[in-house]
Amino acid sequence: MYQKILNGLQDFFGISRKEARGALVMMVCCAIMIWAPFFFRRWILPFVPAGSPPPERRVLDSIALLLEKQQQTKYRPRARAAANGPTAFKPEQIKLVSFDPNTASERELRGVGIPAFIARRIEKFRSKGGKFRQNEDLMKIYDFPPELYARLERYISIKDQKPVFEGIQIKSSKTNSQTPARQEFKSSIQVFDINQCDTTALIRLKGIGTKLAQRILKFRDGLGGFHSADQFSEVYGLDSLALSELRRNAKVLSNVKKISVNAATGEELGRHPYLRNRKQVQVLVNYRTQHGPFRSLEELRNVKVLDEATIQKIGPYLSF
């Protein structure tokens with residue numbers, strides 16, 4: 001019976017013999033923990049002698065009232081100090097004036113009525129290369145109150161990116177003679193291979209600065225290259241402008257770097273961004289050891305812990 005249970009666990013989960021024993025022990029422990037309260041209530045509790053009678057309700061009410069008074073006395077001086085301290089920010093200090101969310105400091109953001117935790121999120125967004133292109137982009141900040149945006153919309157003043165618009169006007173110029181600056185602009189928007197480019201090609205695109213360019217290349221190198229333009233949206237911090245620029249100018253023109261699913265170690269497989277789940281990788285390696293090498297992507301579906309979405313994402317990066 002014991003051996004049959006272990007064999008069943010191994011076949012169902014695709015795990016080793018040792019792991020199957022551990023899983024069986026864990027199941028037994030869970031069963032004991034579930035049934036322990038019923039056993040205690042039925043067989044042990046009736047034999048426990050009754051304790052002293054519960055205290056009267058009046059006594060409990062008086063104790064609760066005393067504790068409440070002690071808490072108020074304890075925290076009242078601290079609350080007053082916080083309210084009168086130098087860092088206190090009173091509602092009457094709010095003054096609605098024009099501000100640029102791309103350059104305003106945390107204090108200036110709080111000055112127009114934005115809560116402190118939202119102001120910190122805006123600063124964090126900017127520090128990671130994010131930029132507000134239009135007023136509505138402020139609503140992309142997590143948990144930004146819609147009613148606050150409606151009140152501040154008329155005061156938001158985002159400065160135009162002049163070099164970008166000047167470049168567009170240069171391109172549509174009727175003159176036949178091209179200055180070096182115009183030729184350089186035209187060459188900057190030529191289509192390039194996203195799997196072979198460097199940061200120089202990326203920062204020429206609207207909405208992408210140095211930090212975002214480095215983040216795109218880091219994600220690309222971790223993948224082993226992009227196999228589809230749909231993967232651009234997986235890069236953290238890209239707004240709609242940056243994504244549209246990438247899809248227009250960055251093309252997938254070279255193949256990705258593949259991993260041999262039958263020869264790679266668990267550590268090598270786990271380095272890929274789509275296989276960061278260590279348990280999934282361990283089960284995959286154990287299944288390969290027990291059942292032999294994988295011959296196709298279809299056989300990878302036999303590993304129960306890999307869902308269809310993961311298989312579809314990692315498939316283009318595996319060789320058999």
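The values are calculated or read from the model by the stated rules, or taken from the named source; none is laboratory data. As the structure is a prediction and not an experimental result, all values here were calculated from the model. Please note: Cβ atoms are built from the backbone with ideal geometry, for glycine as well, and neighbour counts cover all protein chains shown.
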**Request:** Just need a number here: residues in the range 38-64 that are of a type in the set (S, T, N, Q) and at pLDDT 70 or above.
**Result:** 1
**Members of the range 281-312 found to be within 22 Å of the chain's Cα centre (by Cα) and surrounded by 18 or more Cβ atoms within 10 Å (Cβ to Cβ), listed by number** = 281, 306
**Item:** Subset of the range 242-267 [hydrophobic (A, V, I, L, M, F, W, C) and out of contact with any Asp or Glu (no Cβ under 9 Å at 6 or more places or on another chain)]
**Value:** 242, 243, 246, 256, 261, 263, 264
**Prompt:** Does any residue in the range 147-158 that is buried (at least 16 other Cβ atoms within 10 Å of the Cβ) come within less than 9 Å, Cβ to Cβ, of a residue that is among the aromatic types (Phe, Trp, Tyr) and in a helix (DSSP H, G or I) six or more places away or on a different chain, and which pairs are these?
**Reply:** 156/149
**Residue among 287, 274 that alone is of a type outside the set (Val, Ile, Thr), touching a residue at least 60 places away in the same chain (Cβ under 8 Å) and either in a helix (DSSP H, G or I) or at positive phi (or both)** = 287
**Request:** Need at least 1 residues that are closer than 23 Å to residue 190 by Cβ per element, so show me which helices (runs of 4 or more DSSP H) inside the range 210-270 make the cut, counting only ones lying wholly within it.
**Result:** 210-223, 240-249
**Request:** Could you figure out which of (1) at pLDDT 90 or above; (2) closer than 30 Å to residue 190 by Cβ isn't true of residue 115?
**Result:** (2)
